[in-house]
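The values are calculated or read from the model by the stated rules, or taken from the named source; none is laboratory data. In this text the structure is predicted, and so the values were computed from the model without any measurement. Note: ideal-geometry Cβ built from the backbone for every residue, glycine included; neighbour counts use all protein chains shown.
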2 protein chains.
Amino acid sequence: MTINFSLRQWEYAIAVADLLSFRKAAERCHVSQPSLSVQLQQLEGSLGVRLFERDRRRVLVTVAGRPLIERARRMLIDASDLMCAARQAQDPLVGTMRIGVIPTVSPYLLPRATAALRAKFPRLITEWTEDKTLALSHSVEEGTLDAALLALEAKLGDFSHATVAIDPFVLVARPRDPLASSPTPLRADALRNADVLFLDDGHCFREQALAFCTKAKAHELAFRATSLPTLTQMVAGGSGVTLLPQLAVATEVKRAKLRVRAFADPAPHRTLALVWRKQSPMVDALRQIAGAIRDAYPQTG
Amino acid sequence: MTINFSLRQWEYAIAVADLLSFRKAAERCHVSQPSLSVQLQQLEGSLGVRLFERDRRRVLVTVAGRPLIERARRMLIDASDLMCAARQAQDPLVGTMRIGVIPTVSPYLLPRATAALRAKFPRLITEWTEDKTLALSHSVEEGTLDAALLALEAKLGDFSHATVAIDPFVLVARPRDPLASSPTPLRADALRNADVLFLDDGHCFREQALAFCTKAKAHELAFRATSLPTLTQMVAGGSGVTLLPQLAVATEVKRAKLRVRAFADPAPHRTLALVWRKQSPMVDALRQIAGAIRDAYPQTG
DNA sequence: AAAAGTTGATAGTCACTAACTATCAAAATG
DNA sequence: CATTTTGATAGTTAGTGACTATCAACTTTT
């Protein structure tokens, strides 16, 4: 089986499949549209398979082309992994690392983490992207991100990971709330019939907190906050109580006069970890980065 | 991450890594040695990594190069899968299919199987290779074979499969042997203290038969046969009894005057199946081929 | 010890290929 | 109906990868 196509031809094909336009694809590939047209004709010719149905008004991927392009995607990820592995072979901790973070971690950990990384690996540039777990895990899978910092409790694909910290959940309530003065540590069933506020859909912290509270037979209030600051403000405003990750407490609670109570074991918590594609070429560097973040993680005082 | 190497360059690199010689590698790649030399220099240059340590008397793969070449291997398998998938997209059952078979199946099944395949898929050429399970499974993994027909009970890699038949084991003994006249079906413990002959190391049938007989507390005779015909002849010669796969009985036993006894449930058996790499591009065709072999499988009368 | 045969690297040449610009024809848009 | 936008085509050019011839260093043979 002789290979008679080039990686570049498939890059073009994938660009067209993504953008459904020859011109836009050509732009993305930094070549002229005719060059791309010709290359794709040659690719189709050498494969003996028509990949695209081009009407003069629209471009469609053919039925035969679809699975081929998916395979090609994988091949190109392999190729770019290889490229990357070569760079890593020169020095694992020089270059750029694209890492995703979930919104309930980002503001509380990144300031310290980035500082620590800059200090420890001065020649490493970290590019951080904030998004929810689902989007991040897709990005990691398709190679748009090198890794993501998120909670292992969420539904994830088949990743490798290095744990950064265990982040326990705590109860936050106004001082006059009965829960605020109940004995510490708090048992889960203390939440029975309590009115609890949660984050909006899509946040993994919502799912976890909700699961815990549902089991404890608490009530979910109708309002859903879009961020932890909002959530905290709602509690301060008297709408009920909520759970916060310990990580966020120092930042969020000092603004409002609220009481914080820890839970008795087995305490609800999330496991923050750096995750990456199993065959990522940057394992070594990623482990070291996870270690540095772990060391920089704020100690609960 | 821009890719600045070509698939061909890595083909060259892999050839050198395999053969540890530029000239031989060039020969395998059907190019002149200087062409290959230059391409590898460019590859190393664009990667910034030295892949080979070339003394003037020998070539070594560098420590940095080893993992890169392993990655490249995977990439090239992807590429050739893609090539193959394209061909399959034209018509899954046209072309050449390289299939391995184990020696304890090959002579008894291939005549019927190849005839059936020829009849059903006239434009498909099947190339058969006979070898033991371990070698076959390696070949399938690295893409030298498209599939292999073997017993699922053996230790295998992570393959997909389609079952072809269940092949029970039967006891073969001389007429005068006490086992030959014991009640049918035979219970396993009838073998206690019997002298049993087995195949040579490496045959999966040996492992399976041996496991069954060991559990039944039979004795293994010192002689190890290299094939089922030899095994049968030894029994006919009075050296003891043996197990044969049902599949082989019709062919082997008619030559010698031997008695065949089936075992009571749970009868020892092997599950013959066609196996292939999970991401093989030829799934469709392979399933159909397995189906055709299944239909052609000799019915036990 | 000299000759012959290895090895991989280098130099010079040539043909193919993939890029470019300019342009076309058809359809969508205003 | 003019304008814009689509992908395809033609012609040109620069780059690249192949070739042959040759070198320099080392091993083996005589």
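Has segment A:93-107 got any residue that is of a type outside the set (A, V, I, L, M, F, W, C) and within 16 Å of DNA strand C (Cβ to nearest atom)? Can you show your working first?
Just the residues of segment A:93-107 that are of a type outside the set (A, V, I, L, M, F, W, C), to begin with: A:95-96, A:98, A:100, A:103-104, A:106-107.
Subsequent filtering for residues that are within 16 Å of DNA strand C (Cβ to nearest atom) retains none.
Looking for residues that are of a type outside the set (A, V, I, L, M, F, W, C) and within 16 Å of DNA strand C (Cβ to nearest atom), one finds none in segment A:93-107, hence no.
What's the number of the only condition in (1) farther than 30 Å from A:Thr144 by Cα; (2) within 14 Å of DNA strand D (Cβ to nearest atom) that B:Gln90 fails to meet?
Of everything listed in (1) farther than 30 Å from A:Thr144 by Cα; (2) within 14 Å of DNA strand D (Cβ to nearest atom), B:Gln90 misses just condition (2).
Say whether the condition of being within 12 Å of DNA strand C (Cβ to nearest atom) and of a type in the set (Val, Ile, Thr) is met by at least one residue in segment A:27-46.
yes
Among the residues of segment B:78-116, write down those that are touching a helix residue (DSSP H, G or I) at 6+ places or on another chain (Cβ under 7 Å) and among the acidic types (Asp, Glu).
B:Asp78, B:Asp81 - these are the residues of segment B:78-116 that are touching a helix residue (DSSP H, G or I) at 6+ places or on another chain (Cβ under 7 Å) and among the acidic types (Asp, Glu).
Let's see how each residue does on (1) in a helix (DSSP H, G or I); (2) on the phi > 0 side of the Ramachandran plot; (3) in contact (Cβ under 8 Å) with a residue 24 or more places away in the chain:
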residue	(1), (2), (3)
B:Phe5	no, no, yes
B:Trp10	yes, no, yes
B:Ala13	yes, no, yes
B:Lys24	yes, no, no
B:Ser37	yes, no, no
B:Leu43	yes, no, yes
B:Arg50	no, no, no
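On the given criteria, is B:Thr62 within 30 Å of B:Gly202 (Cα to Cα), more than 16 Å from DNA strand D (Cβ to nearest atom) and out of contact with any His (no Cβ under 9 Å at 6 or more places or on another chain)? Working first, answer last.
Working: within 30 Å of B:Gly202 (Cα to Cα): no; more than 16 Å from DNA strand D (Cβ to nearest atom): yes; out of contact with any His (no Cβ under 9 Å at 6 or more places or on another chain): yes.
It is false that B:Thr62 is within 30 Å of B:Gly202 (Cα to Cα), more than 16 Å from DNA strand D (Cβ to nearest atom) and out of contact with any His (no Cβ under 9 Å at 6 or more places or on another chain).
Look through B:Leu258, B:Leu244 and report the one residue that is within 19 Å of B:Ile166 (Cβ to Cβ) and buried (at least 21 other Cβ atoms within 10 Å of the Cβ).
B:Leu244
So how many residues does segment B:268-301 have that are part of a loop (DSSP other than H, G, I, E, B) and at pLDDT 90 or above?
The qualifying residues number 2.
So, A:Thr271, is that one surrounded by fewer than 18 Cβ atoms within 10 Å (Cβ to Cβ), of a type in the set (Ser, Thr, Tyr), more than 14 Å from chain B (Cβ to nearest Cβ) and under 30 Å from A:Leu93 (Cα atoms) or not?
Here the answer is yes, as A:Thr271 does meet what is asked.
Give all pairs with beta carbons closer than 7 Å in which a residue from segment B:172-184 that is touching a residue at least 40 places away in the same chain (Cβ under 8 Å) and of a type outside the set (Gly, Ala, Ser) meets a residue that is assigned to a loop (DSSP other than H, G, I, E, B) and surrounded by 12 or more Cβ atoms within 10 Å (Cβ to Cβ); count only pairs at least 6 apart in sequence or on separate chains.
B:Val172/B:Leu258; B:Arg174/B:Leu258; B:Leu179/B:Ala194
Out of segment B:37-52, which residues are among the polar types (S, T, N, Q) and either away from DNA strand D (no atom under 16 Å from the Cβ) or within 13 Å of chain A (Cβ to nearest Cβ) (or both)?
B:Ser46
Please work out which residue is farthest from DNA strand C (Cβ to nearest atom), limiting yourself to segment B:47-68 and to residues that are crowded, with 20+ Cβ neighbours inside 10 Å and aliphatic (A, V, I, L, M).
Looking at the filtered set, the residue picked out is B:Leu68.
Does A:Ala113 qualify as being of a type outside the set (Phe, Trp, Tyr) and either within 12 Å of DNA strand C (Cβ to nearest atom) or farther than 23 Å from A:Trp276 by Cβ (or both)? Steps first, answer last, please.
On the way: of a type outside the set (Phe, Trp, Tyr): yes; either within 12 Å of DNA strand C (Cβ to nearest atom) or farther than 23 Å from A:Trp276 by Cβ (or both): no.
Considered against the rule, which asks whether it is of a type outside the set (Phe, Trp, Tyr) and either within 12 Å of DNA strand C (Cβ to nearest atom) or farther than 23 Å from A:Trp276 by Cβ (or both), A:Ala113 comes out as no.
In segment A:16-35, how many are touching a helix residue (DSSP H, G or I) at 6+ places or on another chain (Cβ under 9 Å) and away from DNA strand D (no atom under 11 Å from the Cβ)?
Looking only at that region, the number is 5.
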